[in-house]
Amino acid sequence: MLDHRCRILLVEDDPDDLEKLEKLITNAKSPSFSRGFELICAETLEEGRGYVTQGGIDVVLLDLMLPDSRGMDTLRQMQQTAPDVPIIVQSTLEDERVAVKALELGACGYLAKAKLNTSLLIYAIRAALERQYQLAQLEHHQQQQELEELEKLISGEINSTPKSSSVESLRQRMPDVVEELRQHYGDLMEWALEERVYKVDHQLSMHLTNFAEQLGLLQASPRDLIELHTTTLKQKSQGINQRKAQAYTAEGRFLLLELMGNLTAYYRRYFIGLSKINLEKDANTFSH
């Protein structure tokens, strides 16, 4: 399964549980892990997060009740630090509700300490690694599929008309401006992710309204907006872990929908204004 020793981070503060797990892992042997195991121990969540930040951890065994964190918040914080590392929650509680909640939140396994043995531990680690791999493959496939659908929209393969295909895109008309727009849109995408993860307020709605008005002044079409979104998302997703790329994709959907709505609202106001001007001109013509 792995071409190296399986590096396990054990986040546990109870000396007895720590000793028991050390013995189980030391004696563990499996064809699936032919190179064996390496155990790294941390007694607090902060210490554990420090280890996963350094990289190289294959799986985390996480006790929910630690000196600096308790309950499901322990799992949430570890997930934020290690989004691509499978986490197996371990607990002294043999409570099905706790197990279900942990799995709902994204844990890749749950172990009751009282029933733990070597075979069960190895099975849990293997299942967690396989589940994480499958999730990563599924997320990658979904992202690629979504990008392909957006690119079809750009190329006019979906709901295309001769009129729309004959109009030059914003990229063709103003390539230098489009590059500035991409950078701005990339910032908006970053701010959206920060608002969700860190609960900060970047006043994103106001920035999206202003950005939509800029696009409106440039006479950007929905096709231009989709192209801007797709190219920015591709740039953002290069060279980063799968979980963060998926987060950009998810937040990007909301950005795209809100911008579409704002751009539509801008053009509606614009055309209503033009209609009023034309009516006034007509009225003045008839009065003379």
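Read-outs: derived from the displayed coordinates by stated rules, not from any lab. Owing to the predicted nature of the structure, the values given are computational and were not obtained by experimental measurement. A quick note on method: Cβ atoms are made from the backbone with ideal geometry, for glycine too, and the neighbour counts reach across all protein chains shown.
Among rounded, prolate and oblate, which fits the stretch 6-131 when a ≥ b ≥ c are the square roots of the eigenvalues of its C-alpha gyration tensor, a/c under 1.5 means rounded, and a/b larger than b/c means prolate? It would help to have the intermediate numbers written out before the result.
On the way: a/c = 1.31, a/b = 1.19, b/c = 1.10.
Since a/c stays below 1.5, the shape of the stretch 6-131 is classed as rounded.
Within the stretch 55-133, the GluC sites (Glu not before Pro) that combine a DSSP coil assignment with at most 16 other C-beta atoms in a 10 angstrom radius are Glu94.
Scanning residues 5 or more positions from Cys41 or on other chains, those with amide H under 5 Å from its amide H are Leu10, with H placed 1.01 Å from N in the peptide plane. Between the amide H of Leu66 and those of Gly71, distances stay under 5 Å, these residues lying 5 or more places away or on another chain, with hydrogens modeled in the peptide plane.
Of the listed peptides 215-225, 5-15, what is their order by residue-averaged count of other C-beta atoms within 10 Å, with the highest listed first? Display every interim value, and only then the final one.
On the way: 215-225: 18.0, 5-15: 19.7.
My ranking of the peptides, most packed first, is 5-15, 215-225.
Could you sort out which of Lys20/Lys101; Lys115/Lys199; Lys113/Lys244 sit more than 30 Å apart by Cα distance in this structure? Could the numbers behind the result be given before it?
Details: Lys20/Lys101 26 Å; Lys115/Lys199 39 Å; Lys113/Lys244 32 Å.
Over 30 Å Cα-Cα: Lys115/Lys199; Lys113/Lys244.
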